[in-house]
Amino acid sequence: RKPHPLYDVHERNDVYFSIKSTEKYHESRLHLLALTWFQTVHPHNLHIVTDTEDTTTELLRDFGYTVHIAGCPKGHTHQPMACKCGVEFEQFYIAKENGSHYNWYCHLDDDMYLNVLALFELLDTLNPLDSHYLGQRSINRRIDIREDFKRKNNILRDSYYFATGAIYCISTPLMEQLEYYLRGKEKMMRYSGAAGVPDDMLIGLIIEGILGYNLTEVSTMNSHLFPLKRISTTDLVKQITISYGSWNINGKEIKNIISIEDDLFDDNEDPTRFLSYHCLLHPSTRWCHSNEKT
Ligand code: UDP
Ligand code: MN
């Protein structure tokens, strides 16, 4: 295997990573991330927001990552999710108040693999002193803002685009403008309830509708909402994020995973393909050699 030309990563220190997880995914999802891409960023810059303490959170802390217990209501509905997102934002502001100098805030769900080198390459092309909102649309049209919400708030626009919540990055100057609306559980839940939208749409609504900035579409920020098999072999290394999931089509389960040629891990050993992808990007990883599998 030839090393990826950009291999080596730990240097960059200006991106704050916030990972959202939940109790039931500690074992199945967080462990996989801890084994792979978490190891390619400086542990100090990686924050995990989840529900409960257990052996996984202990392990993550041992690795040097910060784990925050959100203390939010349970569930995947608007209010609990907005609550947890509010905690994620709040922790970023707290880190800044404690003297950390971040240019970027990037959020990821716990079923996302981040190719940090591809992300850093993109960020290198942007001025972090400007207001940037980076992500990929899952809904390809402008979303109308509810009339009563428009009336009660100072709204510039009638509609907005939003980045799907699995991955998005926001520059610090824009994060500072969002603080008034989105810092902490109470605010995020209040605005999400008032606008009648989940957290990711709310972020788009505030950034585009109230503050007047535009989402910059980044087509390489994939989630499992997009068909991952379509990414060509040569384009794989250029992706900023990949994910995995499945679709139920006429009662048949269709797996949505990247297609990657690999002689080390087959689909059974690596159902998400994250291990194979990690070895493609970071071939010098110890367990990426056939005699030292995980
Ligand atoms: N999640 C959560 N609480 C829940 C369910 C999910 O915080 O009750 C988190 C989960 O850890 C992940 C994100 O929300 O980071 C999205 O969850 P999932 O991938 O299961 O659903 P999706 O929205 O992608 O279909
Ligand atoms: Mn998901």
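Residue count for the stretch 96-136 satisfying the condition of being within 16 Å of ligand 2 (Cβ to nearest atom) and of a type outside the set (A, V, I, L, M, F, W, C): 7. When the helices (runs of 4 or more DSSP H) confined to the stretch 167-234 are screened for residues that are more than 17 Å from Tyr133 (Cβ to Cβ) and in contact with a Cys (Cβ under 6 Å, 6 or more places away or on another chain), those reaching at least 2 such residues are found at 185-195. In a residue-by-residue description of the stretch 256-274, the property of being of a type in the set (Lys, Arg) and surrounded by fewer than 18 Cβ atoms within 10 Å (Cβ to Cβ) applies to no position. Here Ser232 passes the criteria (1) modelled with pLDDT under 95; (2) more than 24 Å from Gly75 (Cα to Cα) except the one numbered (1). No other residue among Glu121, Glu88, Glu147, Glu176 is charged (D, E, K, R) and within 15 Å of ligand 1 (Cβ to nearest atom) apart from Glu88. For the stretch 238-266, a residue qualifies if it is away from ligand 1 (no atom under 13 Å from the Cβ), more than 18 Å from the chain's Cα centre (by Cα) and not in a loop (DSSP other than H, G, I, E, B), and the qualifying residues are Ile249, Lys252, Glu253, Ile254, Lys255. Going by the conditions given, is Arg137 of a type in the set (Lys, Arg), part of a loop (DSSP other than H, G, I, E, B) and farther than 17 Å from Phe17 by Cα? When the stated conditions are applied, Arg137 passes them.
The values are calculated or read from the model by the stated rules, or taken from the named source; none is laboratory data. Just so it is clear, the structure is predicted and the values come from calculations on it, not from any experiment. Backbone-built Cβ (ideal geometry, glycine too); neighbour counts: all protein chains shown.
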